[in-house]
Ligand SMILES: [Zn+2]
């Protein structure tokens with residue numbers, strides 16, 4: 001993805017008030033390898049239920065404020081992230097909900113999705129199996145990137161629907 005500045009990030013949240021957006025703790029941007037990210041996602045160390053995601057929609061940075069459910073999936077089973085479609089341990093997949101943009105969100109209207117608890121889909125899709133005659137890891141990665149971008153953009157589009 002294209003690089004994001006702190007100002008890009010602060011100004012990007014579509015489902016937060018200006019005050020809330022101003023209090024978002026920014027991640028260490030100098031450590032980010034942008035070409036290996038489809039979105040920038042991070043959790044809030046101070047309030048563990050908070051999560052944040054910023055990605056580009058066209059040439060606009062769009063940020064989402066997320067809330068992690070306190071209820072966990074049954075331990076000991078496998079679960080799949082609905083964004084990167086990687087199967088992980090159930091305690092590594094969390095239900096996040098996000099208030100819709102605008103008045104709907106202020107009225108308490110949210111949508112939810114089960115995704116990687118650490119918001120590290122970009123890292124997960126780059127853990128590739130070894131090449132086999134039937135599978136080229138580079139093709140697999142290209143397909144995973146495509147799918148991840150499409151599904152995260154779809155979630156954002158759903159969140160921005162006003163009617
Ligand atoms: Zn994921």
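Observations
- Pick from segment 80-104, criterion more than 10 Å from the ligand (Cβ to nearest atom) and in a loop (DSSP other than H, G, I, E, B), ranking: nearest to residue 68 (Cα to Cα): 100
Matching residues to (1) closer than 17 Å to residue 99 by Cβ; (2) surrounded by 13 or more Cβ atoms within 10 Å (Cβ to Cβ); (3) touching a residue at least 24 places away in the same chain (Cβ under 8 Å); (4) touching a strand residue (DSSP E or B) at 6+ places or on another chain (Cβ under 8 Å):
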{"residue": "21", "(1), (2), (3), (4)": "yes, yes, yes, yes"}
{"residue": "30", "(1), (2), (3), (4)": "no, no, no, no"}
{"residue": "38", "(1), (2), (3), (4)": "no, yes, yes, yes"}
{"residue": "43", "(1), (2), (3), (4)": "no, yes, yes, yes"}
{"residue": "50", "(1), (2), (3), (4)": "yes, yes, no, yes"}
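- Of all residues in segment 12-29, those satisfying the criterion of being farther than 13 Å from residue 53 by Cα and either at pLDDT below 95 or not in a helix (DSSP H, G or I) (or both) are 17, 18, 19, 20, 22, 23, 28.
- Only one of the numbered conditions (1) in a loop (DSSP other than H, G, I, E, B); (2) closer than 19 Å to residue 122 by Cβ; (3) within 16 Å of the ligand (Cβ to nearest atom); (4) in contact with a helix residue (DSSP H, G or I) (Cβ under 6 Å, 6 or more places away or on another chain) is not met by residue 73, and that is (2).
- Note on segment 105-129: among residues that are over 25 Å from residue 78 (Cβ atoms) and without any contact (Cβ under 8 Å) to a residue 12 or more places away in the chain, the one that is nearest to the ligand (Cβ to nearest atom) is 109.
The values are calculated or read from the model by the stated rules, or taken from the named source; none is laboratory data. Note that the coordinates shown come from a computational prediction; the quantities given were computed from them, not determined experimentally. Please note: Cβ atoms are built from the backbone with ideal geometry, for glycine as well, and neighbour counts cover all protein chains shown.
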